[in-house]
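To start, the structure under review is shown below, and the notes come after it.
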Amino acid sequence: MICLSGCASSKPVESENATQSIVIGFSQSGTESSWRKRHTESIRTELEKEGYEVLYRNGYMNQDRQIQDIRSFIVYQVDAIVFTPLQEDGWEAILEEAAQAGIPVFVVDRHVSVNDSSLFLTHIGPSFKAEGNRAGLYVSNYFRGQSNTTINVLELTGLDNTSPTQLRSEGFRETIQRDLAQNNVTIQVQDAIGGDFIRRKGKEVIETYIKEGKMASIDVLFSHNDEMTIGALEALEETDIVPGKDLIIVTIDAQKEMIDNLKKGLVNCVVECNPEAGVFVKNAINRYLKRGADAIPKEIYVHETVFSSDMDFSQIPPRNY
Ligand code: GZL
């Protein structure tokens, strides 16, 4: 049996050279973060190790370009399409073209919003809502010992119209107020401002917030990804705010640079978003080729965890991104 949980998979039953003829079209959304670059490398490496030919296209964070890339895979008559959508909507037409051509689509990382879910075979990726839950639980636990106070959160959100942004926000709001009512502690999101998952925009948002004299009232920064957090830390260097102490910082991805910041005490909690999707994608494609579409679940979650300043840092696995 081929696992779908990231374990090594057996090669398809056919002869070794059977996979030589298999061509996979891989449309990636962009290269905006170290996380995204590792995500790309993980998928390409695992599929090529399996003997598949991978046609890789970078969408440069442009949906029209991604649609053109997918159309080129259809014209080329690839055997399968691996697709990491930039945003949630606007994919119905091109996915119908792939379905008409009889080409299975494996959606990886962010979700697509389509009326007909048969237009893609499966979604392989993180549980973004769980990531938000973990961030919120850290914050509610951090302030558990306090009473009769209000904690203000500034949320630095990712790209609009994407499932990580939507679900991380939902998950965070679900858990920030956990078990605090009895101590009369209120944790509230004072502002949620978009930084598009990009370092430069994360820095600009915090610089503006500082200029407007609002940063002093903020107790917690919840940032949807490490790139924006790095930008925020750069902006804070121009103030007397001590990150990790005056300002509690919770961030998502767990890029190496951010784990280093955790160890230095510059941030307090780093929620892992696992970019190592390659093995999961490879196993799902192998299973499809060997046993058909019915053998593939609609959702395949990648495993991930959370790191914080009060843990034994030697337990943090090396970061490949
Ligand atoms: C989440 C992924 C996000 C990362 C960011 O799976 O879509 O996009 O958290 C990246 O680093 O930009």
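The values are calculated or read from the model by the stated rules, or taken from the named source; none is laboratory data. This is a predicted model, so every value here is computed, not measured. Cβ: placed from backbone, ideal geometry, glycine included. Neighbour counts: every protein chain shown. Heads up: the accessible areas ignore ligands, DNA and RNA and are worked out on the full protein's heavy atoms, side chains in. Shrake-Rupley method; radii C 1.70, N 1.55, O 1.52, S 1.80 Å.
Of Asn62, Asn58, all but one fail to be modelled with pLDDT of 95 or more and either crowded, with 17+ Cβ neighbours inside 10 Å or in contact with a helix residue (DSSP H, G or I) (Cβ under 6 Å, 6 or more places away or on another chain) (or both); the exception is Asn58.
Which of the residues spanning segment 102-149 are of a type in the set (Val, Ile, Thr) and either open to solvent by less than 10 Å² (accessible area, probe 1.4 Å) or within 14 Å of the ligand (Cβ to nearest atom) (or both)?
Of everything in segment 102-149, those that are of a type in the set (Val, Ile, Thr) and either open to solvent by less than 10 Å² (accessible area, probe 1.4 Å) or within 14 Å of the ligand (Cβ to nearest atom) (or both) turn out to be Val105, Val107, Val108, Val112, Thr122, Ile124, Val139.
The C-beta contact set for segment 52-79 (first residue over 17 Å from Pro104 (Cβ atoms), second residue part of a strand (DSSP E or B) and hydrophobic (A, V, I, L, M, F, W, C), distance under 6 angstrom, 6+ apart or interchain) comprises Tyr56/Phe26. The condition (being more than 20 Å from Ser34 (Cβ to Cβ), open to solvent by 10 Å² or more (accessible area, probe 1.4 Å), touching a residue at least 24 places away in the same chain (Cβ under 8 Å) and touching a Ser or Thr at 6+ places or on another chain (Cβ under 6 Å)) is satisfied by just one residue among Tyr288, Tyr301: Tyr301. Asp179: within 16 Å of the ligand (Cβ to nearest atom) and out of contact with any Leu (no Cβ under 9 Å at 6 or more places or on another chain), yes or no? No; evaluated as a whole, the condition is false for this residue. When you scan segment 150-164, do you find a residue that is closer than 23 Å to Leu247 by Cβ, open to solvent by 10 Å² or more (accessible area, probe 1.4 Å) and more than 16 Å from the ligand (Cβ to nearest atom), even just one? Checking segment 150-164: at least one residue is closer than 23 Å to Leu247 by Cβ, open to solvent by 10 Å² or more (accessible area, probe 1.4 Å) and more than 16 Å from the ligand (Cβ to nearest atom).
Taking each residue of segment 126-148 that is more than 20 Å from Gln166 (Cβ to Cβ) and looking for partners that are open to solvent by 40 Å² or more (accessible area, probe 1.4 Å) with beta-carbon atoms closer than 6 Å, six or more apart or interchain, yields Ser140/Arg178; Ser147/Asn183; Ser147/Asn184; Asn148/Asn184.
For segment 233-260, taking the residues that are out of contact with any strand residue (DSSP E or B) (no Cβ under 8 Å at 6 or more places or on another chain) and open to solvent by less than 20 Å² (accessible area, probe 1.4 Å), the one that is nearest to Ser33 (Cα to Cα) is identified as Gln255.
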